[in-house]
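K.L.:
Please see the structure below; I have some questions.
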Amino acid sequence: AFEMSNVITPEVLWAQRSSDSDPKRNYLLLTIGVRDCESPKLDLKPGYLEFTANSPGHVGDESAHSYRLHIDFYKDIIPEDSLNKVANGQDYFLKLYKKDLDSEYWPRLTKEKLKYHFIKTDFDKWVDEDEQEEHVAEDNGFNFDPQDESLQQLLRQSGGGGLEGLEDLKG
């Protein structure tokens, strides 16, 4: 390993999905921003992630440095189910499955309630809780099931004619 003067904390973009019934839909997506990622090492434990990598820098540009990242997760993940890859030598992608099945999102990625300047929401991959596919039609917290008789009655009482009246209710 060659000597490196500067250690940089890479930027982390994250998004998440949640499910209380399907483990495959209950995960975190992390993109660790590393340029010219070399020899990435990932140490993944249920409670934290430790990542290091080198960036060789370029000729005439003394920017050789190492990246180091440590994140204590808000809750446990399942290391052995997690996936990771480096895409075109640039960013390092992780898909981490949350251990606890829960339809609610984690309020944050980290255990500590601090604002980390290097952790940002990945808006390209973010989906609001109620826009995930498993919540096909959530409105005011109801799960609409056309077969649900009690809901049909509730809608009729509220002046809607069964499910046809749904549009009016949304207003």
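The values are calculated or read from the model by the stated rules, or taken from the named source; none is laboratory data. Note that this is a predicted model, so its numbers are computed, not measured. We place every Cβ from the backbone using ideal geometry, glycine too, and count neighbours over all the protein chains shown. Calculation scope for accessible area: heavy atoms of the full protein, side chains included, ligands and nucleic acids excluded. Shrake-Rupley method; radii C 1.70, N 1.55, O 1.52, S 1.80 Å.
K.L.:
What is the extension gain from Gln90 to Tyr48, computed as 0.36 nm multiplied by their sequence separation minus the C-alpha to C-alpha distance, in nm to one decimal? Can you show the working numbers first?
P.N.:
On the way: separation 42, 0.36 × 42 = 15.12 nm, distance 2.26 nm.
Computed gain between Gln90 and Tyr48 is 12.9 nm.
K.L.:
Once you have the Cα-Cα distance between Asn6 and Lys125, take 0.36 nm times their residue separation minus that, and quote the gain in nm to one decimal. Mind showing how you got there, number by number?
P.N.:
Values: separation 119, 0.36 × 119 = 42.84 nm, distance 3.08 nm.
39.8 nm is the gain from fully extending Asn6 to Lys125.
K.L.:
Now for a separate question. Using a 1.4 angstrom probe with every protein chain in place, what is the largest-first accessible-area order of His65, His117, His70? Spell out each step's value before the answer.
P.N.:
Values: His65 20, His117 150, His70 70 Å².
Correct descending sequence by accessible area is His117, His70, His65.
K.L.:
Next question, about the same structure. I'd like the FRET efficiency for Glu80 and Glu112, computed as 1/(1 + (r/R0)^6) with the beta carbon distance as r and R0 of 22 Å, rounded to 0.05. Before the final figure, lay out each step's value.
P.N.:
On the way: r = 25 Å, r/R0 = 1.16.
Step by step, r from the Cβ atoms, then E = 0.30.
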